[in-house]
Each structure stands twice: as structure tokens, then as C-alpha cells.
Amino acid sequence: MTKIILTAHQPGYLPWIGLFHKIALADLYCVFDVAQYQTKEFDNRNRIKTPNGPLWLSVPVESKGHLQKKIGDIPIVHDGWNKKHVRSLQMAYGKAPYFKDYMGELEAVLMQGHVRLSDLNVALLQTFLKWLAIDVPVVRASDYDLQGAKSDLVLDMCLKLKASDYIFGAQGKDYADVPSFLRAGITPYFQSYKHPIYRQVGGGEFLPYMSVLDLLFNAGPESREIIMRDNAGSLAELDQTVSPSS
């Protein structure tokens with residue numbers, strides 16, 4: 001059996017750096033666009049650092065009836081939000097060392113006029129993976145007829161994508177049914193990410209958990225090394241602690 005290390009996450013807007021650590025350890029990444037859309041989470045927003053502290057950049061969406069909608073079905077409301085985000089990024093990072101290296105291509109993606117939030121988020125994700133030299137194939141959960149809920153849904157994804165190992169985020173311990181994975185011949189692992197500290201433009205107190213753009217604009221080609229610094233560099237270094245639900 002070919003060993004395939006799989007990981008997945010719902011499509012978030014301008015994700016944080018911990019996601020890219022998880023992807024870098026995998027052989028395949030699945031955009032989990034079949035999860036229920038959540039308001040006031042990271043599906044359509046994230047934070048950047050400004051001289052006045054963190055600033056949320058939010059993509060307006062049509063979320064009426066969101067409890068019955070999957071992330072992949074959520075449409076964007078085009079009210080000029082992308083131009084506002086470009087201006088906010090220019091104001092926050094215009095003096096950052098690597099801003100000009102990335103902003104042109106980023107602006108082009110933001111201005112493409114994507115209809116669905118998930119399509120925008122996937123386009124951005126693939127751009128960030130390219131910049132970080134993380135060469136991992138990306139697929140979408142919606143392209144597979146996944147069945148079940150919570151842990152069973154993740155397990156069905158693993159089976160249909162022929163995974164031998166699956167990397168959960170740290171919160172996976174709250175719901176993963178580890179014995180069911182092991183019975184299916186799939187070894188679950190749990191990421192525990194230690195956030196690195198790096199130089200941020202504008203000085204002041206370091207702000208963790210910003211968008212990956214904060215790292216890219218500040219550190220450029222060193223970004224991948226910083227993401228991996230003091231964290232697991234291989235599957236064997238990840239936690240295999242059995243979850244409470246087992």
C-alpha cells in the first residue's frame with residue numbers, strides 16, 4: 001500500500017501560518033468545503049497587523065440560512081470589499097521589506113471577481129503555497145461523495161482519498177474517534193503548533209496569529225523556514241495521543 005499522508009481544513013480567508021505547517025507535512029491537502037459555514041469564524045475573515053493593533057479584513061457574504069449551507073455554497077457580496085482590502089494592506093504593510101514582491105499578484109487574485117467564497121479562498125491558498133514553495137497537491141472534498149458526520153466524515157474522506165495517515169489540527173482531539181481510524185488502517189496524528197516570533201514592520205509588541213501575509217510581507221523567502229522552526233518537521237514528530245472520545 002502506498003503511504004499517503006493526508007490533511008484537510010475548511011477553506012479560510014488569508015489563513016494563519018499554522019495551516020501551512022500542517023500542509024507541508026502532508027502528501028495531499030483536501031479543502032474541506034463540505035463543512036457548515038460558520039459566521040464570526042475564519043471562513044471569510046482574518047487579521048493583519050497595523051500600527052493600531054490587529055485589523056479584521058472580512059469578505060462580505062450572503063449568509064442567510066447559513067446553518068443549512070456548506071462553505072462551498074456561500075456566495076460573495078461584491079460591494080467593493082476587495083479594493084478596501086488592498087488599501088488596508090497597502091497602509092499596513094507598504095513599508096514591509098517584501099511587500100512589493102507579493103502585492104501585485106495578490107491584488108490580481110483579490111480582483112478576479114470570484115462568485116463563491118470557497119473559490120476565492122482556494123485561489124489564495126494556492127498562491128500562498130507557491131510563494132512558500134510547498135508543493136502539495138490540493139483537492140476539494142465536494143468532488144467526492146463523502147458520508148457521515150464529524151469524525152466519521154473525516155474518516156470517509158481518508159478512505160476515499162486512500163490515506164494511510166491523517167493529520168488533525170490540535171482541536172481534532174476533541175472529536176476524533178481514534179479507534180475507528182486505527183481499525184480502518186489509518187493512523188491519526190495531531191498537530192500542536194508553536195507560533196514563531198519574527199520581525200514585524202512597525203515595531204511594537206509582536207502579534208501572533210495574524211494572516212500568513214504578515215509573515216510573507218515581513219520575511220519573504222525565509223517564511224517557510226520560519227513556519228517550520230521549532231515545530232515538527234516530519235510525521236514521526238507529531239503527537240499520536242489518543243483523544244478523550246476514544
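The values are calculated or read from the model by the stated rules, or taken from the named source; none is laboratory data. Quick caveat, the model's predicted, so the values are computed rather than measured. Note that each Cβ is placed from the backbone with ideal geometry, even for glycine, and that neighbours are counted across all protein chains shown.
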Name the single residue, out of those in region 161-217 being of a type in the set (D, E, K, R) and exposed (fewer than 15 other Cβ atoms within 10 Å of the Cβ), that is nearest to residue 131 (Cα to Cα).
199
Mind counting the residues in region 177-197 that are farther than 28 Å from residue 3 by Cβ and either charged (D, E, K, R) or in contact with an Asp or Glu (Cβ under 8 Å, 6 or more places away or on another chain) (or both)?
1
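Answer with yes or no whether residue 139 is among the aliphatic types (A, V, I, L, M), in a helix (DSSP H, G or I) and within 17 Å of the chain's Cα centre (by Cα).
no
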Residue match in region 63-79 (condition: assigned to a loop (DSSP other than H, G, I, E, B), hydroxyl-bearing (Ser, Thr, Tyr) and within 19 Å of residue 214 (Cβ to Cβ))
no
Given the criteria of a type in the set (A, V, I, L, M) and farther than 18 Å from residue 8 by Cβ, does residue 182 qualify?
yes
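Only one residue in 13, 29 is modelled with pLDDT of 95 or more, touching a Ser or Thr at 6+ places or on another chain (Cβ under 9 Å) and assigned to a loop (DSSP other than H, G, I, E, B), so which one is that?
13
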Those residues of region 218-238 which are assigned to a helix (DSSP H, G or I), crowded, with 20+ Cβ neighbours inside 10 Å and of a type in the set (A, V, I, L, M, F, W, C), in sequence order
219, 227
If you take the residues in region 151-197 that are in contact with a strand residue (DSSP E or B) (Cβ under 7 Å, 6 or more places away or on another chain), of a type outside the set (Val, Ile, Thr) and part of a helix (DSSP H, G or I), which one is farthest from residue 215 (Cα to Cα)?
181
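Give me a count of the residues in region 80-103 that are among the aromatic types (Phe, Trp, Tyr), in contact (Cβ under 8 Å) with a residue 40 or more places away in the chain and outside any loop (DSSP other than H, G, I, E, B).
Number satisfying all stated conditions: 3.
Inside region 45-57, can you point out the residues that are surrounded by 12 or more Cβ atoms within 10 Å (Cβ to Cβ) and either in contact (Cβ under 8 Å) with a residue 40 or more places away in the chain or assigned to a loop (DSSP other than H, G, I, E, B) (or both)?
Once the filter is applied, which keeps residues that are surrounded by 12 or more Cβ atoms within 10 Å (Cβ to Cβ) and either in contact (Cβ under 8 Å) with a residue 40 or more places away in the chain or assigned to a loop (DSSP other than H, G, I, E, B) (or both), region 45-57 yields 46, 47, 48, 49, 50, 54, 57.
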